[in-house]
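Data first, discussion second: the structure below is written as structure tokens.
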Amino acid sequence: MIPFPAATIAELMAQLPPPIARIVTAARKQIAAVVPQAVERLRPGWGFIGYNAPAYFAFIVPEPARVRLGFEWGVLLDDRTGLLTGAGSQVRYAVLPTAAAVRSPALADLLREAAALPPRSAPRRRHP
């Protein structure tokens, strides 16, 4: 279930509780500052904001009690400070407890690194 279904980013932002909206706004600004070539768009089927530069590299997931900043190929990033969480074969994310946490130099490094990764695709799974 998508906690905040929306057709546009503005519609998504209007639904968020103020503390969550502040964190999402800070994350959007930080991504724009660190990866200025990034293209932002709502991924309505997933309920989050995704970023391409030119390949899909990051996403912001607003949830009722937290915000996650995810990296599509986070498993490939050099997470020297241990910010990222996740155990899957591809995606990793950082939980952003406050708007100030978004401005972490380590997080900025991860954003730059993720945006610079060459385009790749996950192996396709066959469904029975």
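What to note about this one:
- Protection proxy ranking of 75-84, 1-10 - average other beta-carbon atoms within 10 Å, highest first: 75-84, 1-10
- Label-to-label distance, nm, for residues given as T8 and L76 (7 Å Cα→Cβ offset): 3.4 nm
- Sites matching GluC sites (Glu not before Pro) across the range 28-118 that sit in DSSP coil, with at most 15 neighbouring C-beta atoms within 10 Å: none
- Per DSSP, loop chymotrypsin sites (Phe, Trp or Tyr not before Pro) in the range 1-108 with at most 13 further Cβ within 10 Å: W46
- Contact order relative to length of the chain, as percent, for alpha carbon pairs under 8 angstrom and 6 or more apart: 24 percent
Each value in this text was obtained by applying a stated rule to the coordinates, not by laboratory testing. Please read all numbers here as calculations on a predicted model, not as lab measurements. In this analysis, Cβ positions are derived from the backbone assuming ideal geometry, glycine residues included, and neighbour counts consider all displayed protein chains.
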